[in-house]
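Novice: Take this structure first; my questions come after.
Derivation of every value follows stated rules applied to the coordinates shown; laboratory data play no part. Because the structure is predicted, anything quoted here is derived from the model rather than measured. Every residue, glycine among them, receives a Cβ derived from its backbone with ideal geometry; neighbour counts consider all protein chains shown.
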Amino acid sequence: MSIVNSLQQSVIKSLAELYNQPFTEKDFQVNQTKPEFEGDYTIVMFSLVKSLKLSPDAIGTALGNHLVGNNPLLFTHYNIIKGFLNLSVADDFWMQLLQRNHNDVCYGKKPMNGKKVMVEYASPNTNKPLHLGHLRNIFLGWSTSEILKANGYEVIKSAIVNDRGIHICKSMIAWLKYANGATPANTGIKGDHLVGDYYVRFENDLKAQTEPILEKINAGDLSHFSAMDADKLLKLLQTLNTIDKSKEAEKTEKTKDDIKEIARANTPIMAEAKQMLLDWEEGKPEVMDLWRKMNGWVYDGFEVTYQRIGADFDITYYESNTYLLGKNIVQQGLEKNIFFKKEDGSIWIDLTADGLDEKLVQRKDGTSVYITQDIGLALQKYEQYKIDQSIYVIGNEQNYHMKVLQLICKKLGMPNAENIYHLSYGMVELTTGKMKSREGTVVDADDIVDEMIATSQQHTEELGKVKDFTESELKELYNTLALGAMKFYLLRVDPKKTMVFNPQESIDFHGFTGPFVQYTHARIKSILRKVHNGEWKMENGQLESPLLTLEKQLLVHLEQYPAALGQACSEHNPSVIANYVFQLAQTFNTFYTEHSVANAETPGKKQLRVQLAMMTSNVLKSGMELLGITVPERM
């Protein structure tokens, strides 16, 4: 039990004995005492005033006397300042905590709880390489999985690969037009990069073919469009002409985008891609062979990147296998009047009463849409693993889609519907602006890793402390620092927030960065190596009190690690761990600047500080591992 939990239970018991009333932890606040006041933890009295009809100071005095008098092993004394009860925790509590846990590499982690969770992340398309946005997704999913494991859950890491659809056909069409038989083997280009190059080539051609069509539309020439498209365009042009462009810029851009999409859809090259998709759905042999070949190149490329960044999955689902899932469920929902059929034969669900909209679940030609297969896959996941929770790590642009998915699953009475959780996260932007796949301005994951390694090498060499490393050790160190910098930077921000990635800032050894924490760990291990090598003679004496202020601050911070693990788990938020380990590293460095370990005042103090160093290094390593980050033994 944490010190805060122990304190809460003691306060509840004391209040009940003092005032003959039941209380819960929701009836009062417990905070760490502010540095400018004496004490370790503060009880806020004001919320108790109404029910007890006493002044805050009167309640605080009675409660303080009762707590110190009845818990001498936990509290030594108290003081009251303007309605705040500040309690000082006994040194013995902190010393026992240190002696019990200083060498426990599993400190803070919980035993298995019998519950099973699936975390789905990555979700790449096989028409391009993984990019910086994927990295935030993968790091979030992987770290969330490890945090769940640390809290006692059995975790299944899963990925869904979007390996079919019009976007895949675009790369295939461009490859047929321009590749002249190019392969990863005969070009030396990584498979996912090769396929991605042809996706960009397709988009460039599409853009070139779209421009003259847009010129005709803007000139009012709609003669080359179908009656349906011409009608849509006419309405959009009328809308564009009536918009007050100075006041409705967003609506103007949306209307222009809608016009552009119709123009794109009417290009010759897009017609080829649509035909290829139809051929794929019909199983045309030459199309299927090309699809398998190009996807194989991409899978090989993905695997190299996954191994490089330390990502792994227990199971991978493929859209080509799941896109027909859910069709039977739709028919069952139709029979139960959960869904309804429109005159054209398409099937919908009406969610307007739930504050959403009508949602298409099956096209008029009987084919599935994304929500259909997602419903089917949600059920398959449950039936396959009997999971207690299904977590989807998906960007916040899919917030509406995920609300619809869970709501439909609930209405269908699916067994796992209540436990679908969307770990929504914001997009990653660069200091140079937003990334765009169509224009080929997305930063590939491999390229950003290469840049980070080069940056870590530059920064490390500038510090001039690598003369004792071999060439292979340096290569490993640069890679460790680069991945640590990148992962920490992407995980230190609350997932819900959009963020800007700055490679140079992320590698700073003195900032809120992974390398700062890595350096602190290496510094501690250097201290401990001197102990183990016998440079400092250790006595087997008792730890010595009283604790000095910075010694206690470090112990207080270490005691909070299990609570940080619990919070990160309940919030599905790795940034809690990133912030915790950074603050712990700061606290240790402040302590070590003021207090020597090697030249401690007494053997008892030396023993105390060595154990403090051991526990700090273990917790830093544990926390960083949950973020997927390796901490070096020396730097």
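Novice: Given labels modelled 7 Å from the Cα in the Cβ direction, how far is it in nm from LYS342 to ASP92?
Specialist: If labels sit at LYS342 and ASP92, their model points lie 7.5 nm apart.
Novice: Here is a follow-up. What is the set of long-range amide H partners of VAL161 at a cut-off below 5 Å, with H atoms built 1.01 Å from backbone N?
Specialist: Amide H neighbours of VAL161, under 5 Å, 5+ apart: TYR317, TYR318, GLU319.
Novice: Would you mind pulling out the separation of the Cα centroids of region 1-72 and region 562-623, in Å?
Specialist: Comparing the Cα centres of region 1-72 and region 562-623, I get a distance of 28 Å.
Novice: OK, next. Suppose the chain between GLU601 and LYS235 were pulled fully straight at 0.36 nm per residue; how much longer would it get relative to their current alpha carbon spacing? Please list the in-between numbers first.
Specialist: Details: separation 366, 0.36 × 366 = 131.76 nm, distance 8.41 nm.
Here the answer is 123.3 nm.
Novice: Using only Cα atoms, tell me the angle between helix 514-532 and the longest principal axis of the chain; keep it within 0 to 90° and round to the nearest 10.
Specialist: Here the helix axis deviates by roughly 40 degrees.
Novice: Determine the alpha carbon to alpha carbon distance for each of LYS53/LYS82; LYS216/LYS254; LYS149/LYS525; LYS525/LYS605; LYS115/LYS381 and list only those over 24 Å. Intermediate values should be presented prior to the final figure.
Specialist: On the way: LYS53/LYS82 17 Å; LYS216/LYS254 19 Å; LYS149/LYS525 26 Å; LYS525/LYS605 19 Å; LYS115/LYS381 15 Å.
From the list (LYS53/LYS82; LYS216/LYS254; LYS149/LYS525; LYS525/LYS605; LYS115/LYS381), the Cα-Cα distance tops 24 Å for LYS149/LYS525.
Novice: Mind scanning LYS247/LYS487; LYS157/LYS364; LYS177/LYS403; LYS232/LYS496; LYS177/LYS260 and naming the pairs with a C-alpha gap bigger than 31 Å? Write down the numbers at each step before the final one.
Specialist: Details: LYS247/LYS487 41 Å; LYS157/LYS364 35 Å; LYS177/LYS403 41 Å; LYS232/LYS496 36 Å; LYS177/LYS260 24 Å.
Over 31 Å Cα-Cα: LYS247/LYS487; LYS157/LYS364; LYS177/LYS403; LYS232/LYS496.
Novice: Go ahead and run the numbers for FRET between GLU211 and ASP300, Cβ-Cβ distance against an R0 of 35 Å, rounding to 0.05.
Specialist: Result of the calculation: an efficiency of 0.45.
Novice: If you don't mind, another one. Need the full-extension length gain, LYS497 to LEU474, defined as separation in residues times 0.36 nm minus the C-alpha distance. One decimal, nm.
Specialist: So the extension gain works out to 4.8 nm.
Novice: Roughly what % antiparallel, to the nearest 5, for the DSSP beta bridges in the chain? Provide the component values of the computation, followed by the final result.
Specialist: Values: 23 of 46 bridges.
So the antiparallel bridges in the chain amount to around 50 percent.
Novice: Here is a follow-up. Under unit Cβ charges (Lys, Arg +1; Asp, Glu -1), what dipole magnitude, rounded to 20 debye, does the chain have relative to its Cα centre?
Specialist: With only Lys, Arg, Asp and Glu charged at Cβ, the dipole is about 820 debye.
Novice: How much FRET efficiency would the formula 1/(1 + (r/R0)^6) give for TYR178 and ASP447, where r is the Cβ-Cβ distance and R0 is 22 Å, rounded to 0.05?
Specialist: 0.50
Novice: OK, next. Per residue of region 13-26, in order, report the coupling 6.51 cos²θ - 1.76 cosθ + 1.60 (Karplus, θ = phi - 60°) as ³J(HN,Hα) in whole Hz, putting x for Gly and Pro.
Specialist: 5, 5, 4, 5, 6, 6, 10, 6, 10, x, 9, 10, 5, 6
Novice: Moving on. If eta is 0.890 mPa s and T is 25 °C, what Stokes-Einstein diffusion coefficient results for region 26-109, Kirkwood Rh from Cα pairs, in µm²/s?
Specialist: Translational diffusion coefficient: 174 µm²/s.
Novice: A further question follows. Helix-derived [θ] at 222 nm for the chain: sum -39500 (n - 2.57) over DSSP H runs of at least 4, divide by residue count, nearest 500?
Specialist: -18500 deg cm²/dmol
Novice: Just name one of TYR580, VAL493, LEU547: the one whose Cα is farthest towards the positive end of the charge dipole of region 446-626 (beta-carbon charges, Lys/Arg +1, Asp/Glu -1).
Specialist: Going by the Cα projections, it comes out as LEU547.
Novice: Note down the net charge around HIS557, summing +1 for each Lys or Arg and -1 for each Asp or Glu among other residues with Cβ under 14 Å from its Cβ.
Specialist: Result for the neighbourhood of HIS557: -2.
Novice: Nearest 5 percent is fine: what portion of the DSSP beta bridges confined to region 368-499 is antiparallel? Don't jump to the answer; show the numbers that get you there.
Specialist: Working: 1 of 8 bridges.
Of the beta bridges lying entirely in region 368-499, close to 10 percent run antiparallel.
Novice: Calculated from the structure, Rg and Dmax of the Cα atoms in Å equals which of (1) 29.9, 103; (2) 24.5, 75; (3) 30.3, 94?
Specialist: (3)
Novice: OK, next. What longest region of the chain stays clear of GluC sites (Glu not before Pro) that DSSP places outside H, G, I, E and B and that have at most 16 other Cβ atoms within 10 Å?
Specialist: 39-247
Novice: Here's another thing I want to ask about it. Relative to 2.2 N^0.38 Å, what does the C-alpha radius of gyration of region 446-626 come to as a ratio? Two decimals please.
Specialist: 1.12
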